[in-house]
Structure formats: C-alpha cells, structure tokens
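*Asks:* Below is a structure I'd like to ask you about.
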Amino acid sequence: HGGGTDEYIAFKVKTTQPRRYLVRPNQGLIAPGSAETISILLVEKDKQVLLQSYERLGQSGLDHSKDKFLVQSCTVDKSFAAKKSGDQTELYDALTTMWNSLTSGGSTTPLHNKKLHVRHVVQESSAAASRAAPSSSAGAVPKLEKTSNSNVKDMTQDQLASEITNLRRKYDELVSFSVNLTAERDILSNTLEQTKRDYN
C-alpha cells in the first residue's frame, strides 16, 4: 500500500449481490509498500443473463446495474500483523472476528470505507463465444480432452493457435465450474449458519 506508513492495513470487500459475484480474497492484510490483487468473478448464470441482455439491447441493456462493492480498511497493530506469516485459516478467522467487532461498534479503530459502483462491459470476444457455444449447466463438470498433437515443436502456426484457443476455453470452463461450486458452497454455508441461529 502506498499510505506512507509502516503499518499493515486490513481490508474487507463486501457486495450488495454476494450470490452474483465471487470475490477472492474477500479480506486480508496488506504489508507496507506492497499490494494485493483481488479477483471479482461474475457467476456463470448471471453472466449469461447479462450477455443475453447485451445481445438484445446493446450496452444500454447493461447500464442500469445497481450492484455495488464496499471496500473497508483499517490499520492493525504489529501483533495482529504477525498473523500474516502464520496459518492462513487462523488469519482468516482473526480477520472475521476483527471485522465483526469493528462493524458492531465494539472497537475505536478508525474504519475507512470506499464504495464502488459496478458497470458491466462486454468484450466482443465474450459475446461471440456466448453465441458460438451453448451455455453449460452449473453442475456440469467441464470435459478435458486429450490433445491430438501434444508435441508443440511439430505444430504449425494454425495448429498452435487452435490449441491455445482450446486451452483458453477449457480454462474458462474450469474457472466457471469452480466459481459455481464456490458460490453453491457459500450459499449452503450461509443457510447452515442461519439454520443454526434459528435452532438456538
């Protein structure tokens, strides 16, 4: 972080649509002078709906999103920052506890909030791919085929380009499958927690 300080900064990313977006990591610690890359993925089901809207109406079909993200941050003391080099599960649990305390008013630590509004944009390659390939169901496991010519040295330029396209498609299918599994896990976890609270 470029905050001109030698303190660690804790961050948390929240969204108004937690079932639509997968945020990884959604919380963490940033060391002084370093940065963190956060990936935000749109789940496949919602991506297909947006692409269909885009095909019917163009960009104007996507310009009315009310989705938002909230990035919260605060500094942490050196003993808390030391957890970054330890067990990641412990760090995640400690961060969750800290954020619960901060947002419930149980702490005097200054909290910084930054709201980000979502604007969906379709790259033409995504729109073309959605027209060319029918969307797979959320529960379908992507197929991995053996490549016909596995020796890259013997491939022509066209064969290499085709192989790269196939690998990208397979990678996208695996990412989509992983995102859907993670979203389903999160939904089940939230349902379990709610059921536990209702039961108690």
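The values are calculated or read from the model by the stated rules, or taken from the named source; none is laboratory data. Quick caveat, the model's predicted, so the values are computed rather than measured. All Cβ positions, even for glycine, are placed from backbone atoms using ideal geometry, and neighbour counts span all protein chains on display. In case anyone asks, the SASA skips ligands and DNA or RNA and just uses the protein heavy atoms, side chains included. Shrake-Rupley method; radii C 1.70, N 1.55, O 1.52, S 1.80 Å.
*Asks:* Run down Asp87, Asp46 and say which single residue is charged (D, E, K, R) and either modelled with pLDDT of 90 or more or within 26 Å of Gln123 (Cβ to Cβ) (or both). Outline the logic, then answer.
*Replies:* On the way: Asp87 fails: either modelled with pLDDT of 90 or more or within 26 Å of Gln123 (Cβ to Cβ) (or both).
Going through Asp87, Asp46 in turn, just one is charged (D, E, K, R) and either modelled with pLDDT of 90 or more or within 26 Å of Gln123 (Cβ to Cβ) (or both): Asp46.
*Asks:* List every residue pair whose Cβ atoms sit under 7 Å apart, with the two residues 6 or more apart in sequence or on different chains, where the first one lies in the range 173-198 and is touching a residue at least 40 places away in the same chain (Cβ under 8 Å) and the second, anywhere, is of a type in the set (Gly, Ala, Ser).
*Replies:* Taking only residues 6 or more apart or on different chains, the pairs are Asn180/Ala138.
*Asks:* Going through the range 175-200 one residue at a time, which ones are hydroxyl-bearing (Ser, Thr, Tyr) and farther than 21 Å from Ser39 by Cβ?
*Replies:* Narrowing the range 175-200 to residues hydroxyl-bearing (Ser, Thr, Tyr): 176, 178, 182, 189, 191, 195, 199.
Scanning the range 175-200 gives Thr191, Thr195, Tyr199.
*Asks:* Kindly establish whether Lys66 is at pLDDT 90 or above, among the basic types (Lys, Arg) and under 24 Å from the mean Cα position of the chain (by Cα).
*Replies:* Numbers: at pLDDT 90 or above: yes; among the basic types (Lys, Arg): yes; under 24 Å from the mean Cα position of the chain (by Cα): yes.
In short, yes.
*Asks:* Here's something else I'd like to know. For the range 16-58, how many residues meet the condition of being more than 19 Å from the chain's Cα centre (by Cα), among the polar types (S, T, N, Q) and surrounded by 16 or more Cβ atoms within 10 Å (Cβ to Cβ)?
*Replies:* Summing the residues that are more than 19 Å from the chain's Cα centre (by Cα), among the polar types (S, T, N, Q) and surrounded by 16 or more Cβ atoms within 10 Å (Cβ to Cβ) in the range 16-58 gives 1.
A quick yes/no check of all residues on (1) open to solvent by 60 Å² or more (accessible area, probe 1.4 Å); (2) at positive phi; (3) part of a helix (DSSP H, G or I); (4) of a type in the set (D, E, K, R):
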| position | (1), (2), (3), (4) |
| --- | --- |
| Lys14 | yes, no, no, yes |
| Ser60 | yes, no, yes, no |
| Ser65 | no, no, no, no |
| Cys74 | no, no, no, no |
| Tyr92 | yes, no, yes, no |
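*Asks:* Moving on. Would you check which residues across the range 1-10 are surrounded by 17 or more Cβ atoms within 10 Å (Cβ to Cβ) and in contact with a helix residue (DSSP H, G or I) (Cβ under 9 Å, 6 or more places away or on another chain) and list them?
*Replies:* Tyr8, Ala10
Condition check ((1) in contact (Cβ under 8 Å) with a residue 60 or more places away in the chain; (2) under 23 Å from Asn180 (Cα atoms); (3) aromatic (Phe, Trp, Tyr)) across all residues:
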{"position": "Thr5", "(1), (2), (3)": "yes, no, no"}
{"position": "Phe11", "(1), (2), (3)": "yes, no, yes"}
{"position": "Gln27", "(1), (2), (3)": "yes, yes, no"}
{"position": "Lys45", "(1), (2), (3)": "yes, yes, no"}
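*Asks:* Going by the structure shown, is Thr182 surrounded by 13 or more Cβ atoms within 10 Å (Cβ to Cβ), more than 20 Å from Leu51 (Cβ to Cβ) and either at pLDDT 80 or above or not aromatic (Phe, Trp, Tyr) (or both)? So that I can check it myself, show each step before the final result.
*Replies:* Values: surrounded by 13 or more Cβ atoms within 10 Å (Cβ to Cβ): yes; more than 20 Å from Leu51 (Cβ to Cβ): yes; either at pLDDT 80 or above or not aromatic (Phe, Trp, Tyr) (or both): yes.
Taking the combined requirement at face value, the residue satisfies it.
*Asks:* Here's something else I'd like to know. Among the residues of the range 156-164, is any open to solvent by 90 Å² or more (accessible area, probe 1.4 Å), in a helix (DSSP H, G or I) and either more than 17 Å from Leu22 (Cα to Cα) or aromatic (Phe, Trp, Tyr) (or both)? Reasoning before the result, please.
*Replies:* Within the range 156-164, the first condition is being open to solvent by 90 Å² or more (accessible area, probe 1.4 Å), and the residues that meet it are 157-158.
Now narrow it down to the ones that are in a helix (DSSP H, G or I): 157-158.
Keeping just the survivors that are either more than 17 Å from Leu22 (Cα to Cα) or aromatic (Phe, Trp, Tyr) (or both) gives 157-158.
Yes, there is a match, as at least one residue in the range 156-164 is open to solvent by 90 Å² or more (accessible area, probe 1.4 Å), in a helix (DSSP H, G or I) and either more than 17 Å from Leu22 (Cα to Cα) or aromatic (Phe, Trp, Tyr) (or both).
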